[in-house]
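Every number in this text was worked out from the coordinates using simple rules, so none of it is lab data. These numbers were taken from a predicted model, which means no experiment stands behind them. Neighbour counts are summed over all protein chains in view; Cβ atoms, including those assigned to glycine, are modelled from backbone coordinates with ideal geometry.
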Amino acid sequence: MNRPVHKVALLCCLSACTLLGGSITLGTDVNGNSFPFGGTGTEYQEAYASSDFSGPLSITGIDFFLQPDTSGVLGGTYTLSLSIITANINSLSGSDLPSNIGPNNTEFTSVVLSGAAPSELTFTGGPFSYNPSLGNLLLDITITSPSGTAAFEDGAGSGPAGIVRYYNEPATTGTTGFGLVTEFDFGTSSIPEPGTLSLLGCGLVYLLLQRLRRSSAATHSEAAIRHKVFSRA
């Protein structure tokens, strides 16, 4: 009789632990930007305001979009890292990019790019747990042997709170402003909502009580059997 209810409680626990993933796109295409996938620089950074995010998320993918009606090729080794920063995204250093990186900097992925640029360039890695309440998000890209010519959609600071890019390149060291339109793919939130925690707690308590009841019933059953045996003796 208790099995259906037991299954429901278990499903509730699983539902509490598994939240649906999704994606969020920051910025609206204004023009094309050849950095970092078509330039000659060796480091590129893009800063995103925490207010652009609705809550904690676990980033599993970072996507960029080829500028419409253009083509190009990709070349070089790209290492993407993410960190949380407390500095304003408009006040980072344009000449000392490593100084902008947050203390929890984590390599997201490292890949070798070559061939024709796709309409959507996707980097899968992490996951990286990001909680907007702790600060802004910084994407750092270091490039080895850059040789690309592709231009990707640039949001020109058109996000809700703006996107800012910083990059080094022999002729334009310290240039800031604008930023690639970026899509973040994410999975389960790293910090469950209060309602989720309550649901999980109720489910676990129910399962514990069910186990105690079964253990108690088994003890009484064994006692009854012993009583019958001793009575017959």
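Just need log10 I(q)/I(0) for region 21-187 at q = 0.17 Å⁻¹, Debye formula, equal scatterers on the alpha-carbon atoms, no solvent, rounded to two decimals.
Once normalised to I(0) and log-transformed, intensities are -0.99.
So, by mean Cβ neighbours within 10 angstrom, what's the order for 114-122, 85-93 with the highest one leading?
With the highest mean Cβ count within 10 Å placed first, the list reads 85-93, 114-122.
What net charge do the residues around Gln45 carry, taking every other residue with its C-beta under 14 Å from that of Gln45, with Lys and Arg at +1 and Asp and Glu at -1?
Summing Lys/Arg as +1 and Asp/Glu as -1 gives -4.
Asn31 versus Val112, label points 7 Å from Cα toward the beta carbon: distance in nm?
3.5 nm
Under the rule of at least 5 residues apart or a separate chain, name every residue whose amide H is placed under 5 Å from the amide H of Phe108.
Under 5 Å from the amide H of Phe108 lie the amide H atoms of Leu80, Ser81, Leu82, each far enough along the sequence or on another chain.
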